[in-house]
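Input: a single structure, listed below in structure tokens.
The values are calculated or read from the model by the stated rules, or taken from the named source; none is laboratory data. Keep in mind that what you see is a predicted model, and the values were worked out from it rather than measured. Neighbour counts are summed over all protein chains in view; Cβ atoms, including those assigned to glycine, are modelled from backbone coordinates with ideal geometry.
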Amino acid sequence: MVTYVVLQEEDMPWVSYVWLCWERPKSFMTKPASALPKAQALLLYLRSEALLSTWDEHREQAIGHLLEAAGLAADLGLPAEQWQIQATLGSVYEAEGECVQAHTAWAKAATIIGGLAQGIGDEELRARFLAGPQIQPVLQHAQSEASPLAQDHAEHSGP
């Protein structure tokens, strides 16, 4: 389930951010940005900066922000954030033509999603999670990325 948290800057009330969390029941709440723990606020900031850098076609900056965010999400133990960051990294690397890094990011995202799925005890819930509209494209992308690389590796390893 998804929690939508709208954060508003206290000194700039017209600026707000939407933060999605997968671990909590669906609700809608508004909090000042200062109410978040600093590390989570930093994670939100890094993801926002990456998004803006991508929009401005500054992909190298976006990659730097995303890599920092990925490390922070890992340190904080936030797998729901980690897989989304890795999927975004995969997309940005693809746009840069960096196929190996893109494959690695998509594979990490799929692995994290797999770990989350293993933690869901109810088989029906697990299946619905894995079939979810945000999860399926990542898994399909990771699978399609793996196939050409496996074929390429087989071609280069010879008979």
Residue within region 97-104 that is in contact with a helix residue (DSSP H, G or I) (Cβ under 8 Å, 6 or more places away or on another chain) and under 23 Å from Leu44 (Cβ atoms) present: no
Qualifying residue in region 17-40 (condition: part of a helix (DSSP H, G or I), within 28 Å of Ala117 (Cβ to Cβ) and at pLDDT below 90): yes
Options Gly132, Gly115: the member that is modelled with pLDDT of 90 or more, of a type in the set (Gly, Ala, Ser) and not in a helix (DSSP H, G or I): Gly132
Out of Ala87, Ala80, sole residue that is in contact with a helix residue (DSSP H, G or I) (Cβ under 6 Å, 6 or more places away or on another chain) and of a type in the set (A, V, I, L, M, F, W, C): Ala87
